[in-house]
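Visitor: Dumping the structure here so I can ask a few things about it.
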Amino acid sequence: QVQLVESGGGLVQAGGSLRLSCAASGSIFSSYSMGWYRQAPGKQREPVARITSGGTINYADSVKGRFTISRDNAKNTMYLQMNSLKPEDTAVYYCNGVRPDGLYVYWGQGTQVTVSS
């Protein structure tokens, strides 16, 4: 059983910044592939960024150059630094973890990010 808890969401103006955190417990964090997803009202949940256990990073085209994903294995925490925020970034952001064997995916409860125009 793995628990993922997001924090750091809030309301910001366009062009502003937020830093999201995802704290993990219940398993070996360093061995998991970790990622961020987001879901806006009426839309599908979509991947935002991922960082594997080996440090490989991928970003969605929509956030490339603006968002930075990182992880601190000593703190069992993953981060998403979001800069130059746009109204279209408004969504609930979810922390995601993939078990090392790839057989299960874990989700956090989500944190709301709202970007005003």
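The values are calculated or read from the model by the stated rules, or taken from the named source; none is laboratory data. As the structure is a prediction and not an experimental result, all values here were calculated from the model. Here the Cβ is made from the backbone with ideal geometry for all residues, glycine too, and neighbour counts use every protein chain on show. What goes into the accessible areas is simple: the full protein's heavy atoms, side chains included, and nothing from ligands, DNA or RNA. Shrake-Rupley method; radii C 1.70, N 1.55, O 1.52, S 1.80 Å.
Visitor: Taking into account only those residues within the stretch 3-48 that are charged (D, E, K, R) and open to solvent by less than 50 Å² (accessible area, probe 1.4 Å), which is farthest from Asp72 (Cα to Cα)?
Guide: First pass over the stretch 3-48, keeping only residues charged (D, E, K, R): 6, 19, 38, 43, 45-46.
Filter once more, keeping what is open to solvent by less than 50 Å² (accessible area, probe 1.4 Å): 6, 38.
On the way: Glu6: 15, Arg38: 21 Å.
Among those residues, the one meeting the criterion is Arg38.
Visitor: Evaluate the following for Gly54: is it in a loop (DSSP other than H, G, I, E, B), of a type outside the set (S, T, N, Q), closer than 24 Å to Ser117 by Cβ and out of contact with any Lys or Arg (no Cβ under 7 Å at 6 or more places or on another chain)?
Guide: Numbers: in a loop (DSSP other than H, G, I, E, B): yes; of a type outside the set (S, T, N, Q): yes; closer than 24 Å to Ser117 by Cβ: no; out of contact with any Lys or Arg (no Cβ under 7 Å at 6 or more places or on another chain): yes.
No; evaluated as a whole, the condition is false for this residue.
Visitor: Would you confirm whether or not the stretch 65-78 contains a residue that is surrounded by 20 or more Cβ atoms within 10 Å (Cβ to Cβ) and either in contact (Cβ under 8 Å) with a residue 60 or more places away in the chain or in contact with a helix residue (DSSP H, G or I) (Cβ under 7 Å, 6 or more places away or on another chain) (or both)? Step through it out loud before you land on a result.
Guide: Filtering the stretch 65-78 for residues surrounded by 20 or more Cβ atoms within 10 Å (Cβ to Cβ) gives 67, 69, 71, 78.
Now drop any that are not either in contact (Cβ under 8 Å) with a residue 60 or more places away in the chain or in contact with a helix residue (DSSP H, G or I) (Cβ under 7 Å, 6 or more places away or on another chain) (or both), which leaves none.
Taking every residue of the stretch 65-78 in turn, none turns out to be surrounded by 20 or more Cβ atoms within 10 Å (Cβ to Cβ) and either in contact (Cβ under 8 Å) with a residue 60 or more places away in the chain or in contact with a helix residue (DSSP H, G or I) (Cβ under 7 Å, 6 or more places away or on another chain) (or both).
Visitor: Could you grab me the full set of residues in the stretch 71-97 that are farther than 17 Å from Val5 by Cβ and either part of a loop (DSSP other than H, G, I, E, B) or out of contact with any Lys or Arg (no Cβ under 8 Å at 6 or more places or on another chain) (or both)? Don't jump to the end; show me each part of the working.
Guide: Our first condition is that a residue be farther than 17 Å from Val5 by Cβ; within the stretch 71-97, this holds for 74, 81-91.
Answer for the stretch 71-97, where residues must be farther than 17 Å from Val5 by Cβ and either part of a loop (DSSP other than H, G, I, E, B) or out of contact with any Lys or Arg (no Cβ under 8 Å at 6 or more places or on another chain) (or both): Ala74, Asn83, Ser84, Leu85, Lys86, Pro87, Glu88, Thr90.
Visitor: Okay, next question. Only residues that are assigned to a strand (DSSP E or B) and either free of Cβ contacts under 8 Å to residues at least 24 places away in the same chain or within 14 Å of Gly15 (Cβ to Cβ) (or both): list them for the stretch 98-112, please.
Guide: So in the stretch 98-112, the residues assigned to a strand (DSSP E or B) come out as 98, 105-107, 111-112.
Residue satisfying the conditions is Val105 alone.
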